[in-house]
Every structure is written in structure tokens, then in C-alpha cells.
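What follows is one structure encoded as C-alpha cells, with my remarks underneath.
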Amino acid sequence: MPEILDDRQAERPDAHESVEDALAEITALLRRYRLVEGLVREQLEDPEIGTYELTDNAVTRQHRLELQARLDRLHPADIAHLLEALPLDERLTIWDLVKADRDGEILLEVSEPVRESLISSMDTEELVAAAETLETDELAELAPDLPQEVMDDVFRSLPIEERERLRAAMSFEDDMIGALMDFEMVTVRPDVTLEVVLRYLRRLDELPDQTDQLFIVDRVENLLGILPINKLLVSDPDTAVSAVMTAPVVKLLQHDKAQVAASAFERYDLVSAPVVDTNDRLVGRVTVNEVLDVVRQRGQGDLLAQAGLREEEDGFASVWKSFQNRWTWLAINLVTAFIASRVIGVFEDSIAQLVALATLMPIVAGIGGNSGNQTITMIVRAVALGQVSRANAKQLFRKELMVSLVNGLVWGGMIGIVAFMLYKSVSLALVMVAAMTLNLMLAALAGVLIPMTMLKLGRDPALGSSVLITACTDSGGFFIFLGLATLFLM
């Protein structure tokens, strides 16, 4: 029997089609559309007046409709990915072709720099219309990037209950659980039967996303327990909720850090978790999709911080804006590089007497930098997972020193053998072994102290870590190697 597809199924993209293929097709359609539009502009230009009037002819309309139809079939997250991959002018062309009722969803999906460029291209009415399509928790996420007049209009359009929820959500800092909280959830009383619960659920248009459990509360909204959906479906409908409910695996406090939620979801394989206030009253829930966003943003933030970037950057941002984002740690790196050059300058006479030093010292500094980056990455990861405390910091420090000592002796010994084969000098080979070992131990020391110091100062432990560790191992490596060579070879 042939399969009959409805209109929605017919428009749905092939499930086996990759996102990259879809985005490549849209990019090709966009370039073709812009090319045709440009040709029409040239043909319609009035050479006497020097102006033109662009008419919506059949060719441009056909290309635009084809492009719009292809965009309509994409998920908002895929459109966001496409917008981030396009230069500003092409990005705005695509943005103008997206249906207005999808603007809010897409603005939530794009990165902050790209979101700023899209919002700046929209007028107040468009922004208000986009904001009004969002749920309260989503609107709270978008609110910091919206102009104040837009938020004022949105506030006035909301019911009183939604308005209070939005104010509550906006009162939390970005890294708090309350900022991730979803207000859409299903609560039931403990004294009703499962049959009553099932009838109640059937009256709903749909369940909130990521609903794997119902929350059991009393008359003042205190959280009493949870009712997993799978237990609801297989239990006797005449059973009371109180007889089958269980204690929640974890209860999250709304003012705790988002990392607490991420750790709990990873540890217990959660789909959703209740959020309570200090009085144990249920105020919302956190779902796995929000936690995944936190983990992704944290990972991206650590990568940016290690490279010395102040914030996430639009790949197609202006040269000046990119310069502003990068100059700080480049300036610091310039200073540390100058210090390293002066260390070399102190030993100019030694290098002049033994040219082999100039060819071998980059090896000592380079291996030290790599080792230091390995150490600092392990420490930052341990800090993020909550595995580092004052009680185990000394033990962790000793362990990293021992690892660097073993690495220094093994790899220093190998490069020492190579140095002996090249320059026929036992003393130079021994200096290489000692310098390599000492510099790796210095790298371990810096790799532990830099993130721990940042953490103690209340800063991101990954902030500029690669720049600082490279500075330590370069200057330290040059000083150790050239100093030992001066003492024992000159």
C-alpha cells in the first residue's frame, strides 16, 4: 500500500541528509539569489539620473521563494549555525528571509556576538514581536541583549503572573541555577489517584519538553517527592500518588551555581531535576538541554580563556572589534617575550663561544611549554569537576612534580644522547638532561600555581593560562639551560 504524506511530511527534509549538506545548499541558493538581484539592479539603473528602482520581477521572486522554502525546513539551531558561518551582509540577507515567528527561537540559538549583529538590524516592533513568542525562561535569557524600550513593551504585554516570573528569572546571575530554570512543569497532589493524574494529563495540549517525571507538592508548593512517568504508566490506576511517589534524586537550590546542576546531571544521568528555594518550595525545574548548553558554553569559555581571548568573538566581526578582544593578552605576551629575549641577552657571550647552545635551547623551552600546558589542562579540568580542594592540593602538587621529574629524565636523556651524537660532548649532553628535567619541574610548578592562584582570586582558572605558562617555561628554560651551560661548559 503506497504511503500517503501530508503537507508537513512532504516539506520535511530527508532524515539522512546531513546538516552540512543542507547548509551548503542554502549558501549556494543565497549566492545565486544575490547574483540575480545584482544583475537586475544593473539592468534597471537609469544612466541619466544615476538611480534605479528595483522591481520584484519573476526571476528574483522565484529565487527568493526557493530560498525561503529551504529555510522553512531547517531547525532553528541549523539556521543559527548558518548565520554564524556567513559574512555580515549575507547573514542579514538570510535573516530578512526568515519567518518573523521564528526570530525569537533563532536569537536564542546563535552566539552572543552574532545575536548582537542581528538585533542591531531589527527595529523595536520586530524585536517586541520576536520576544512575545518566547516562554518566560527563554525571554529572561534573551533580555540582557534587548534594548530597554523593547523590554518595557514586553513587560506591559505580559499577564501579571508571567511578569512576576520574568522579574524573578532576571534577578539571577547568568551562572546561577535560577537563570537556567524552566517554569513549565506538571505538579500534582499526593492524595489523588493515578487515574485522576492520567485524566488531568489528557486534558493538556502537550507535556512540557523533557518531562520524565511529575512533581508532588502540598498546598503551599513544598516539594514532597516525584512521580516518574514510566511508573505512572505501569502502576494500577486506583493507586494513590503517595503510595508510588519517590524521593527526588537531587534537589537543586535556585541560588547555587550552574556548575552544581551540570555535575548532578552528569553524575546521576538526569533528564530533569526540581529547583527549590531555601524553604524547600518548588519554584521550577532544570532540564538536560539547558545543562548541555551550560557545559558547551563552559567548554568554549575555557578554550577562549586559555588563549587569552576576553570574550566569544564573531568570526566575521570588524577588524577593530577583533583587535579589542585580543590585544590584552597579546600585550602581556609581548612583555613576557621581551623578558625571555633579555634572559638570552645575558648569556650572549656563552652563546658566542658555543654555538650549539643556540640550536638546543628552543628544545628545552618548547618541551617545557607543552608539559606545562598538559599540567594546567589537568588542573583546570579537576577544578571544574570539583576534585581540587585545600586538603588534596599538596598531594596533587607532589604528584605533578614526580610526573615532570620522570618525563624530564626520560626525554632529557633521549635528547642528551642526540646532543652527544651531534656535538661529541658528554658535558653538553648532561647539561641538556639537567636543563630539561629542571624546566619540566618548573612547568609543573607553574601549571599548578597559575590556576590555583586565579581560583583564589575569584577569577577563571583557565584565564590566559597558555600565555602565562609559555612565559614561565620560555624565560625559565632559557635561564636554566644557558645558566647551566655557562657554569659547566665555559
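The values are calculated or read from the model by the stated rules, or taken from the named source; none is laboratory data. Bear in mind that the values here come from a model prediction, so they are computed numbers and not experimental data. All Cβ positions, glycine included, derive from the backbone under ideal geometry; neighbour counts span all protein chains shown. SASA here: full protein model, heavy atoms, side chains in, ligands and nucleic acids out. Shrake-Rupley method; radii C 1.70, N 1.55, O 1.52, S 1.80 Å.
Couple of notes before you dig in:
- Theoretical gain in end-to-end length, R102 to A337 [0.36 nm per residue, Cα-Cα removed]: 79.7 nm
- The local environment of D238, defined by Cβ-Cβ distances under 14 Å, has a net charge of -2 under the rule Lys, Arg +1 and Asp, Glu -1.
- Lysines whose Cα lies under 25 Å from that of K251, excluding same-chain neighbours fewer than 8 positions away: K231
- Eligible lysines near K399 by straight Cα distance, threshold 23 Å, same-chain separation 8 or greater: K456
- Net charge dipole size for the range 78-216 [Lys, Arg +1 and Asp, Glu -1 on Cβ; Debye, nearest 20]: 660
- Net charge of Cβ neighbours under 10 Å - reference H255; Lys, Arg +1; Asp, Glu -1: -2
- In the range 178-216, trypsin sites (Lys or Arg not before Pro) in a DSSP loop with at most 13 other beta-carbon atoms within 10 Å: R203
- Total formal charge among the other residues, if their Cβ is under 15 angstrom from that of L405, Lys/Arg +1 and Asp/Glu -1: +1
- Taking the accessible area of the range 352-490, probe 1.4 Å, and keeping the other protein chains in place, the carbon and sulfur fraction comes to 71%.
- In the context of the full set of protein chains, the range 157-198 has a per residue accessible area of 51 Å² (1.4 Å probe).
- Spatial offset of the range 150-213 relative to the range 401-422 amounts to 61 Å, using the alpha carbon center of each.
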